[in-house]
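The values are calculated or read from the model by the stated rules, or taken from the named source; none is laboratory data. Computed from a predicted structure; not experimentally measured. For neighbour counting, all protein chains shown are included, and Cβ atoms are generated from backbone atoms with ideal geometry for every residue, glycine included. Each accessible area value is taken on the protein alone, full model and side chains, heavy atoms only, with ligands, DNA and RNA left out. Shrake-Rupley method; radii C 1.70, N 1.55, O 1.52, S 1.80 Å.
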Amino acid sequence: MTKIEQVRRLLKKSQSPVFFTGAGMSKESGIPTFRDAIDGLWSDNRPEDLATPSAFHADPAKVRAFYEYRRATIRDCEPNAGHLAIAALENSGFHVSVVTQNVDGFHEAAGSSKVFALHGNIMEDRCNEGCPGSHAMGRHSGICPVCKKDALRPNVVWFGESLDDDLLLRSTVAIMTCDILFIIGTSGLVYPAAGLADLAMQRGFPVIEINPEATPFTEQVDIFLPGAAAKFLPKICGA
Ligand code: OAD
């Protein structure tokens with residue numbers, strides 16, 4: 001039996017799969033990852049200059065320009081065959097949860113209904129001062145509609161910031177109660193998100209990883225599929 005057949009068989013026996021995804025999930029959509037040596041976003045830019053509260057404080061225009069550039073890339077791209085395969089699995093009756101570190105909204109756009117976006121949504125803004133009701137799609141100016149300060153920022157989690165407690169709790173519950181876990185397209189280097197996949201390793205249900213490169217998870221998973229998410233997922237999730 002091939003590895004793909006084994007994974008299909010394990011998935012078929014499950015009811016509540018969880019897909020834990022990172023930037024590699026959207027690679028075939030045309031969105032660069034963070035840590036790829038050649039075209040990764042962090043190969044040309046230092047995270048501390050663009051993705052921290054202190055960077056925004058020091059130079060809001062520069063930080064906003066970086067995020068506007070990323071938004072423009074995302075607007076030009078769309079969910080790929082991998083996102084669509086996960087959404088189709090849900091439509092065929094599985095209780096699918098997606099726990100993602102991605103901020104592009106592509107799982108939701110593909111049709112997945114239970115998505116925990118741990119790092120936020122890059123297409124939205126919110127007030128850096130925490131004004132309730134300041135969330136809005138797209139940025140027309142930097143001015144918060146509530147406090148009127150020049151404090152709007154992308155609705156993403158920056159280095160040094162905490163994840164939303166409720167989202168983290170619900171993601172943890174999803175992973176602790178699933179019956180098969182897929183770890184897809186993440187380097188597993190950024191905590192606390194990566195810790196969710198670590199938790200799963202001790203639970204005894206099958207853990208499958210899809211990634212062209214080995215990661216800190218690879219030696220611990222049950223089956224490693226080396227390659228692109230958009231290539232494997234339709235074969236695994238398809239009828
Ligand atoms: P990384 O850029 O760290 O890792 C991307 C992973 O995707 C690597 O392991 C690649 O080998 C893999 N990959 C590349 N192409 C792939 C493909 N076609 N199919 C499947 N996998 C592929 O991205 P993340 O692990 O998501 O945080 O990074 C985690 C967090 O670090 C991000 O959410 C972001 C970043 O800084 C914040 O913005 C807070």
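Once neighbouring chains are kept in place and the probe is 1.4 Å, which whole percent of the accessible area of the chain is contributed by carbon and sulfur?
Values: 6090 of 11420 Å².
Ligands and nucleic acids excluded, carbon and sulfur reach 53 percent.
Would you mind putting 120-131, 209-220, 39-50 in packing order, based on average other-beta-carbon counts within 10 Å, highest first? Write out the running numbers ahead of the final one.
Details: 120-131: 18.8, 209-220: 17.2, 39-50: 13.8.
So the peptides 120-131, 209-220, 39-50, ranked by packing, come out 120-131, 209-220, 39-50.
For a quick check of understanding: with a 1.4 angstrom probe and all protein chains in place, what accessible area in square angstrom does R8 have, to the nearest ten?
70
Within region 1-139, what percent of beta bridges assigned by DSSP are antiparallel, to the nearest 5?
Restricted to region 1-139, the bridges split so that about 20 percent are antiparallel.
Tell me, what is the per residue accessible area of region 1-119 in Å², probe radius 1.4 Å?
Normalised by residue count, the accessible surface of region 1-119 is 48 Å².
For F94, what accessible area in Å² do you get when you roll a 1.4 Å probe over the heavy atoms of the protein chains, rounding to the nearest 10?
Probe radius 1.4 Å; accessible area of F94 about 40 Å².
Given a 1.4 Å probe and heavy atoms of the protein chains only, how would you sort S141, S54, largest accessible area at the top?
The ranking, largest first, comes out as S54, S141.
How much of K114 can a 1.4 Å solvent probe reach, expressed as accessible area in Å² and rounded to 10?
100
About the Cα centre of the chain, how large is the charge dipole given +1 on each Lys and Arg Cβ and -1 on each Asp and Glu Cβ? Please answer in debye to the nearest 20.
480
Under unit Cβ charges (Lys, Arg +1; Asp, Glu -1), what dipole magnitude, rounded to 20 debye, does region 142-203 have relative to its Cα centre?
Roughly 200 debye, rounded to the nearest 20.
To check you understand DSSP bridge types, tell me what percent of the beta bridges within the chain (both residues inside) are antiparallel, rounded to 5.
30
Under 8 Å for C-alpha pairs, at least 6 residues apart: give me the relative contact order for the chain, rounded to a whole percent.
Once normalised by length, the contact order is 25 percent.
To the nearest 20 debye, what is the magnitude of the charge dipole of region 1-92 about its Cα centre, counting +1 on the Cβ of each Lys and Arg and -1 on the Cβ of each Asp and Glu?
480
With contacts defined as alpha carbon pairs under 8 Å and 6 or more residues apart, what's the relative contact order of region 116-239 in percent?
That works out to 17 percent.
Report, for region 138-239, the % of DSSP beta bridges that are antiparallel, rounded to 5.
Working: 1 of 8 bridges.
The antiparallel proportion sits near 10 percent.
Can you divide the C-alpha Rg of region 15-152 by 2.2 N^0.38 Å and report the result to two decimal places?
Values: Rg = 16.4 Å, N = 138, 2.2 N^0.38 = 14.3 Å.
Expressed relative to 2.2 N^0.38 Å, the Cα Rg reads 1.15.
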